[in-house]
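Step one of this worksheet: look at the structure below.
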Amino acid sequence: TLTEISVVMPVYNAMPWLPLAVRDILRQSGPVALELLAADDASTDGSFQFLVELASALGDHGSVELACESSQSQEPSARDRHNEGPEDAIIISAEGVQSTNPALAMPPRKHLNADGVLMEQAHVARQRPMSASEVLLTTNRQHRLRVLGYGDGVNRGQGSMMSLCLAHAQHDLIGHMESDDERPEHAFSSLAQTLGNQPSWDGVCSQTLCIGWDRPGMRRYAEWQNKLLTPSDMRAARFLEIPCLHQAGLFRRRAVFAATENGGFRDDPHWAVDMHFWLSWFHQNLTCGKIAEELYLWRQHPGQQTRSHGRLSISNLRRCKIQFLCKPGGPIHAQSDNDSTDICNHCSQWDRVLLQVWSCGQTLTDWMEDLRVANPAPTDIQAVDWRPGDPLPHVALREAWKGTDCRLIRLFAYGMEQPRLKVCE
């Protein structure tokens, strides 16, 4: 019996690597049958033409399904509401394409990438993309390709394309693939087998291997993620960074819909789709484990959004974390983060919750400013200026807190691993 899986792939100007990503899905081995839903977002570099040519060559195993934008006369769905910009404004992208993509409202970061290298000085690999006929020769005929899009030349954003794929997905297991990455042939069969052996898990991921442009910063990041193997380890690390690439995972459909508010991947102008997905996933008390094998090959190149897009700045990632820290049911309102529900049903036993923010320098200032304007904002916040390794300070309670039944929460905000280890000591 074949395990049926729907694989979501948003596509926007993904050449020359798109054919490799498509090839690696369509040649998956083992007892799995995949439908690859590749949603093109008004590409201008030949990505859509490649997908159409391959779908045509696949015959009954390929299709092109362009959606009609007829929702203007209907109540917008959850995924449509996530991706609305102010008054549905039309933006002109850098490529000259009309766009309603809210992420374009956030300007790119400086011309320094995440490793401090000038983008224009970085080497970009030049390679000839594989042709549709070459990909066809490697395809396993138990898989199929469904090319999705709107066909009106309007760019809508990554979240909108992922939501379109999810709306058309036919199977109960949902995978994800980025259009510039690669995978070994047994990746999905291994993920499916592991998830089948773990009925209490809502999803499973694999470890990640960085390929392409070798930068030590991203390599350290992947190594940190790869150490988080158990569901409890992944959950505990969620406010440090995302504990795994969600494109390295396989998830039960019901869990994806719970984490995305009924199928709407959030394309927010202020933070990333994957950060919001994982924090929402754990907020919904969903579980995910990890295979101790590198089954996802994450391509590094100077143009990737992880390095350059403004909504992936440290300040925007911090604000996303604060939203999930402070929202009802989040850790600030919980009895304990070890509580499986993560929700305090007896908060009335405390007169107030006191939040101490331990950090130093500009980091402390930024966290305090963003916490004060959070919605909902903590009612009582106290800054503690402390560098790990220094003697612990004496922190006096404010006069208004004395004599009350308080719950004290300490938030330690340190970006580097060594200071965090000292906090744990």
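Couple of notes before you dig in:
- Qualifying positions in segment 398-422 - exposed (fewer than 14 other Cβ atoms within 10 Å of the Cβ), under 24 Å from PRO378 (Cα atoms) and modelled with pLDDT of 80 or more: ARG410, GLY415
- On inspection, SER77 qualifies as surrounded by fewer than 19 Cβ atoms within 10 Å (Cβ to Cβ), at pLDDT below 95, of a type in the set (Gly, Ala, Ser) and within 16 Å of SER163 (Cβ to Cβ).
- Single residue of segment 269-282 satisfying the filter (of a type in the set (A, V, I, L, M, F, W, C) and outside any loop (DSSP other than H, G, I, E, B)) that is farthest from the chain's Cα centre (by Cα): PHE282
- Here the condition is being in contact (Cβ under 8 Å) with a residue 12 or more places away in the chain and open to solvent by 30 Å² or more (accessible area, probe 1.4 Å); of PRO16, PRO31, PRO10, it holds for PRO31 alone.
- Any hit, segment 296-316, residues being in contact with a helix residue (DSSP H, G or I) (Cβ under 6 Å, 6 or more places away or on another chain), at pLDDT below 90 and over 30 Å from ILE25 (Cα atoms): no
- Answer from ASP366, ASP370, ASP342 - the residue that is at pLDDT below 90 and either within 24 Å of ALA272 (Cβ to Cβ) or part of a strand (DSSP E or B) (or both): ASP342
- Flag for ARG126 being modelled with pLDDT of 95 or more and either out of contact with any Lys or Arg (no Cβ under 7 Å at 6 or more places or on another chain) or open to solvent by 10 Å² or more (accessible area, probe 1.4 Å) (or both): no
The values are calculated or read from the model by the stated rules, or taken from the named source; none is laboratory data. Computed from a predicted model, the values in this text were never measured in an experiment. In this analysis, Cβ positions are derived from the backbone assuming ideal geometry, glycine residues included, and neighbour counts consider all displayed protein chains. With ligands, DNA and RNA removed, areas are computed over all heavy atoms of the protein, side chains included. Shrake-Rupley method; radii C 1.70, N 1.55, O 1.52, S 1.80 Å.
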